[in-house]
Structures are given as structure tokens and as C-alpha cells.
Amino acid sequence: MSNHGSQQLFTRLTALLKMLGLLMISVLFLLILFAFPGMFSGKTNHAEKEQAKVMPDTVFSRPWKAPEDWRMMYLSDSQKEKVLYGRELIAHTAEYFGPKGKVRASSNGMNCQNCHLNAGTQPWGNNYLAVQANYPKFRDRSGTLENQVKRVNDCFQRSLNGQALDSTDKAMKAILAYIAWVGQDVPKHYIPRGSGIYKLALLDRAADTLKGRKIFIEKCQTCHQKNGEGLLNDSGTAYTYPPLWGPASYNNAAGLFRISNLAGYVKYNMPFGVSYQNAQLKDEDAWDVASFINAMPRPSGDKTKDWPDIAKKPFDHPFGPYADPFTEQQHKFGPFKPIKKWKSTHNKKS
């Protein structure tokens with residue numbers, strides 16, 4: 001073979017190897033992208049970020065996941081201890097702050113985990129995934145810029161119907177460390193898929209408490225008991241299944257007292273063992289059982305400083321006064337579409 005022929009063969013082989021190399025790099029990149037969907041989320045553009053605010057309630061594939069425990073090996077011993085204590089407090093709050101709490105008696109005996117499933121990591125289980133990335137933030141409920149201490153204490157005072165923790169409290173610091181751990185991979189101001197609670201489509205009718213009662217008896221009563229009082233553990237220190245109403249349940253200032261929140265929570269998390277992958281209830285069933293639960297008696301929380309701008313009250317906030325002409329009854333049970341339509345029309349005018 002001539003030198004010229006050899007040179008041509010070498011050139012062709014080199015080009016082929018370059019193409020193969022680029023192909024292998026492309027395949028490797030795609031494998032990484034699908035295996036670790038959050039890795040490149042920090043570089044999302046504005047349109048993608050806006051889409052992320054919608055996607056959690058429309059798409060159920062590949063929800064964002066909390067960090068796995070093996071990554072704690074990179075934490076210092078003191079930070080790891082703080083994170084683990086924070087998780088323990090979320091999962092077993094009543095053991096520390098319930099009526100028979102080891103630290104002090106300052107709550108109703110429920111656990112944070114009763115509302116924030118799997119210690120605040122379950123997709124669409126009212127999780128903490130977006131908290132670290134989005135606080136401090138302005139919240140219309142208080143009309144102020146809120147930090148995470150305020151957000152945690154809202155849960156203690158509303159859902160646990162108890163007393164706030166001091167910002168310097170060991171328990172507060174541990175809870176904040178754990179929340180930071182859970183959300184450490186989420187880019188700032190980003191809402192990852194699977195965050196918070198699923199937002200169900202609104203019904204064309206009011207939610208029906210009588211239908212809800214039947215669903216409660218069929219699907220909920222076994223765990224939460226006939227009168228919704230929950231089931232205490234053998235030592236009486238915490239609930240195996242939490243109370244859904246009554247003196248030991250969340251008060252009427254809690255987020256789950258809005259039936260849109262409770263309905264979305266129930267739809268993809270209840271009965272026990274259900275997740276977004278194996279829902280049992282139809283949407284209307286979730287709305288109806290939520291209306292029944294929230295129609296039952298429970299403690300009254302302090303709402304005197306809530307919603308200073310009444311025009312910002314959510315469509316299902318059940319306490320007036322309102323900027324719209326609809327009644328408290330309709331704001332609590334619906335139908336909600338007329339309220340949302342009115343708000344949309346008048347917000348555009350203003």
C-alpha cells in the first residue's frame with residue numbers, strides 16, 4: 001500500500017474514532033440526565049421554572065427525591081447528629097413535645113409526620129422539598145416576609161395546636177437542619193415536581209359531607225376510629241393513627257382546614273399505604289371526605305392576624321370577611337369555580 005493510501009486510511013480511521021467518541025459521550029450524557037434528573041435543574045430558564053410550578057399537579061413521572069442517607073457520610077459528626085435529631089423530631093414529635101413529652105408538654109400529641117408524610121419526604125405528601133429553596137418568602141396569610149422559624153412555628157401552633165419554639169431552641173435548630181438537608185439539591189426559587197400537596201381539579205358542585213361520611217366509614221374509620229379520635233399507642237405517648245377531629249386534632253387555623261389542601265392530601269396518600277402510584281379514591285370522593293372531616297368539631301386557632309389583605313384570601317378560606325360576594329358556606333364547601341372566576345375577573349380589573 002502506498003504512503004498516500006495509508007494516509008487516507010489513517011484519516012478515515014481517525015474520523016471514525018472521533019465519531020464513536022462523540023456518540024459514546026452523548027449516550028453517557030443521556031444516561032446521566034435520566035438517572036439524575038435534578039443534576040442540571042439549576043440551569044433552568046424562566047420558562048422551565050414557570051412550567052415547574054404547573055407540572056407537579058399534572059405529571060407523575062420522576063418526582064424529585066430527598067437525598068439518600070449514605071450522603072450523610074460527608075457531614076461533620078455534629079451536623080449529622082443535628083440532622084438526625086431533626087428527623088427524629090419530625091417523625092416522633094409527640095414523644096418530645098406531646099402531652100407526655102420528654103422535653104416538655106406543649107402540643108396536642110400529633111407528630112409533624114402525620115401531616116408531612118415519611119418525615120416530610122413523600123412525593124405529594126406535604127413534603128419539605130421546596131422549603132429550603134423558597135424561604136424566606138412573602139406569604140399573603142401573614143402579610144409579611146417569613147423565615148423558616150416562622151413557618152415551623154406555624155405548624156406547632158396550628159397543626160399541633162401547641163406552643164411555638166424559640167429560634168435558639170435545640171429542637172428548632174435540629175428541625176431547620178433537617179429541612180435544609182431534605183431540600184439541599186433544589187435550586188433557589190425552584191419548585192420541584194412532587195412538592196407539597198397535589199392540587200385536585202375543582203368540582204362543578206359543592207363538596208358533600210353526607211357522601212364524605214360514607215367514604216370515611218368505608219375507608220378511614222378502621223384506622224382513625226369511629227369518632228375520628230385516632231388510635232393511641234400502648235404507652236399513650238403518641239398516636240399510631242392521628243385524630244382527624246376533636247380536641248387533639250389540628251385546629252381550624254391549620255393549612256389542612258382548607259378542604260382543597262386536605263382533598264389533595266387524601267387523594268394520593270390515603271388510606272394508609274396509598275401513594276401517587278396507587279390511588280384508591282376518585283377525585284370527588286377525596287373532596288367529599290375532606291368536607292366531612294373539616295365539618296367536624298376541632299380546636300379554634302388564632303386567626304386574628306391572618307390575611308391582612310382580605311382580597312388575598314384563598315377561594316376555600318372558610319372565614320370572612322371577604323372582598324368577594326360569596327358566603328362563608330360556599331368558601332368552605334364550594335362550589336369553588338364561581339369564586340375563582342370572580343377573583344380572576346376582578347383581579348384583572350384592579
Contacts under 6 angstrom Cβ, first residue in segment 210-223 being of a type in the set (Gly, Ala, Ser), partner modelled with pLDDT of 95 or more, 6 or more apart: GLY212/ASP288; GLY212/VAL289; GLY212/SER291; GLY212/PHE292
Which of the numbered conditions does SER275 fail, given that it passes all the others? Conditions: (1) closer than 18 Å to TYR250 by Cα; (2) touching a residue at least 60 places away in the same chain (Cβ under 8 Å); (3) of a type in the set (Ser, Thr, Tyr). (1)
Out of ASP288, ASP306, ASP302, ASP283, which single residue is within 19 Å of ALA207 (Cβ to Cβ), at pLDDT 95 or above and surrounded by fewer than 21 Cβ atoms within 10 Å (Cβ to Cβ)? ASP283
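Among the candidates ARG104, ARG139, single out the residue that is more than 18 Å from PHE272 (Cα to Cα) and under 17 Å from the mean Cα position of the chain (by Cα).
Among ARG104, ARG139, only ARG139 is more than 18 Å from PHE272 (Cα to Cα) and under 17 Å from the mean Cα position of the chain (by Cα).
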Select, from TYR190, TYR178, the only residue that is outside any loop (DSSP other than H, G, I, E, B), in contact (Cβ under 8 Å) with a residue 24 or more places away in the chain and not charged (D, E, K, R). TYR178
Residue list for segment 197-209, restricted to those being surrounded by fewer than 22 Cβ atoms within 10 Å (Cβ to Cβ) and either touching a helix residue (DSSP H, G or I) at 6+ places or on another chain (Cβ under 8 Å) or modelled with pLDDT under 95 (or both): LYS199, LEU200, ALA201, LEU202, LEU203, ASP204, ALA206, ASP208, THR209
GLY236 versus (1) over 17 Å from the mean Cα position of the chain (by Cα); (2) surrounded by 19 or more Cβ atoms within 10 Å (Cβ to Cβ); (3) in contact (Cβ under 8 Å) with a residue 60 or more places away in the chain: which is the lone unmet condition? (2)
Restricting attention to segment 168-183, does a residue exist that is aliphatic (A, V, I, L, M), within 20 Å of ASN114 (Cβ to Cβ) and either surrounded by fewer than 17 Cβ atoms within 10 Å (Cβ to Cβ) or at pLDDT below 95 (or both)? no
Yes or no: LEU244 touching a helix residue (DSSP H, G or I) at 6+ places or on another chain (Cβ under 9 Å) and loosely packed, with under 15 Cβ neighbours inside 10 Å? no
From the options GLY230, GLY273, residue that is surrounded by fewer than 17 Cβ atoms within 10 Å (Cβ to Cβ), of a type outside the set (A, V, I, L, M, F, W, C) and on the phi > 0 side of the Ramachandran plot: GLY273
Among what's in segment 311-332 and is touching an Asp or Glu at 6+ places or on another chain (Cβ under 8 Å) and part of a helix (DSSP H, G or I), pick the residue that is surrounded by the most Cβ atoms within 10 Å (Cβ to Cβ). HIS331
Part of a helix (DSSP H, G or I), under 26 Å from THR121 (Cβ atoms) and modelled with pLDDT of 95 or more: does that describe ALA248? no
Hey, ASN347 hits all of (1) farther than 30 Å from GLN113 by Cα; (2) at pLDDT 95 or above; (3) of a type outside the set (Ser, Thr, Tyr) but one; which does it fall short on? (2)
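The values are calculated or read from the model by the stated rules, or taken from the named source; none is laboratory data. In this text the structure is predicted, and so the values were computed from the model without any measurement. Backbone-built Cβ (ideal geometry, glycine too); neighbour counts: all protein chains shown.
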